[in-house]
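The values are calculated or read from the model by the stated rules, or taken from the named source; none is laboratory data. The model shown is predicted, which means the values in this text are computed figures rather than measured ones. Virtual Cβ from ideal backbone geometry, glycine too; neighbours counted across all protein chains shown. The protein model used for the area step is the full one, side chains on, heavy atoms only, and it has no ligands, DNA or RNA in it. Shrake-Rupley method; radii C 1.70, N 1.55, O 1.52, S 1.80 Å.
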Amino acid sequence: GHVGTIPARRVREVVEKLAAEEVQQGWFVAPMGFAVDARAYAEQHNLRLIDGSVLLDQLSDLPTFALPKVLASLR
């Protein structure tokens, strides 16, 4: 894979932690993206993967006045 892409092993670890906490679904944000097998595993385990392009799409859908508030909350 590319440097910075998240491998399936890391996605499995997140799924296992969510299961241990009895969380039914979740999301994993990784701006550089995910390996193909990581995407397949996440899809099977109700984990939404959000890469840089998805994140930018979601931010661009926000009203202009909301963007500074959302970005400030990420710190």
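Numbers for the structure displayed
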| item | result |
| --- | --- |
| Apportionment of accessible area to carbon and sulfur, the chain, percent (1.4 Å) | 57 percent |
| Given the chain, longest segment not containing exposed loop GluC sites (Glu not before Pro) (DSSP; at most 14 other Cβ within 10 Å) | 23-75 |
| Evaluated at q = 0.34 Å⁻¹: base-10 log I(q)/I(0), Debye formula over Cα of segment 35-75 | -1.11 |
| Net charge over other residues, Cβ less than 15 angstrom from the Cβ of Arg9 (K, R count +1; D, E count -1) | +1 |
| Residue-normalised accessible area of the chain, expressed per residue, 1.4 Å probe, Å² | 77 Å² |
| In Å², nearest 10: area of Leu74 left accessible to a 1.4 Å probe | 130 Å² |
| Segment 1-56, Rg to Rh (Cα coordinates; Rh as Kirkwood inverse mean 1/r) | 0.96 |
| Segment 23-73, relative contact order [Cα under 8 Å, separation at least 6], % | 38 percent |
